[in-house]
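J.: This is the structure I want to talk about, given as structure tokens.
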Amino acid sequence: MLTLGTGVGGAAIVDGRLLEGHIGRAGHLGHNCLDMDAPPDITGIPGSVEFFVGNYNIQERTEGKFPTTHALIEAFNRGDGDATEIWMCSIKALACTISTYINVLDPEAVIIGGGVARAGKALFDPLERALRPIEWQPGGHSVKLIPAELGEFAGAIGSARNALNTCSAAGA
């Protein structure tokens with residue numbers, strides 16, 4: 001799962017269990033390097049997908065043309081040329097990231113939530129078109145892209161559920 005909003009977060013579920021990692025930092029899926037010469041994100045990774053997709057730096061990425069990612073997407077939907085160029089760069093970065101995670105994790109599906117996922121077809125249609133040519137598809141198998149059923153709250157609800165399950169398992 002990827003959550004697209006102020007930043008980019010996520011989670012990997014393996015055999016029905018949340019992948020937490022050695023010290024609990026697994027799931028920072030927005031912090032993989034896409035451009036080693038771009039500015040670092042909050043974790044110090046240069047040119048992360050969060051840098052290309054996150055709302056936190058949208059004014060910087062658009063040279064002040066769009067105050068929010070939602071405004072960018074609205075302009076894209078109206079056919080604005082600048083918005084289309086910027087949005088397609090974000091889509092390409094997201095497609096490259098998803099393709100990388102497909103190769104690393106071999107998921108059945110990639111679920112996309114967060115506030116940006118509310119863009120619906122403006123996100124999923126171009127993402128599908130950008131992903132398929134670069135996704136390794138052994139035997140013709142392609143990974144499903146699915147909008148999160150819980151929308152922009154999917155990540156928060158999943159985190160809360162995991163915390164409750166962790167407390168229950170610990171006897172707290």
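J.: With 100, 62, 68, 84 as the choices, which residue is open to solvent by 10 Å² or more (accessible area, probe 1.4 Å), β-branched (Val, Ile, Thr), more than 22 Å from residue 136 (Cβ to Cβ) and in contact (Cβ under 8 Å) with a residue 12 or more places away in the chain?
T.: Exactly one of 100, 62, 68, 84 is open to solvent by 10 Å² or more (accessible area, probe 1.4 Å), β-branched (Val, Ile, Thr), more than 22 Å from residue 136 (Cβ to Cβ) and in contact (Cβ under 8 Å) with a residue 12 or more places away in the chain, namely 68.
J.: Identify the residue in segment 98-144 that is in contact with a strand residue (DSSP E or B) (Cβ under 8 Å, 6 or more places away or on another chain) and of a type outside the set (A, V, I, L, M, F, W, C) and, among all such residues, is farthest from residue 50 (Cα to Cα).
T.: The qualifying residue farthest from residue 50 (Cα to Cα) is 108.
J.: Here's something else I'd like to know. Go through segment 11-53 and give me each residue that's touching a residue at least 12 places away in the same chain (Cβ under 8 Å) and not in a loop (DSSP other than H, G, I, E, B).
T.: 13, 14, 18, 33, 46, 48, 49, 50, 51, 52, 53
J.: If residue 47 passes every condition in (1) open to solvent by less than 50 Å² (accessible area, probe 1.4 Å); (2) more than 18 Å from the chain's Cα centre (by Cα) but one, which one does it miss?
T.: That leaves (2) as the condition not met.
The values are calculated or read from the model by the stated rules, or taken from the named source; none is laboratory data. Being a predicted model, the structure only gives us computed values, none of them experimental. Glycine gets a Cβ as well: all are built from the backbone with ideal geometry, and neighbour counts include every protein chain shown. Just the protein is used for accessible areas: all its heavy atoms, side chains included, with ligands, DNA and RNA removed. Shrake-Rupley method; radii C 1.70, N 1.55, O 1.52, S 1.80 Å.
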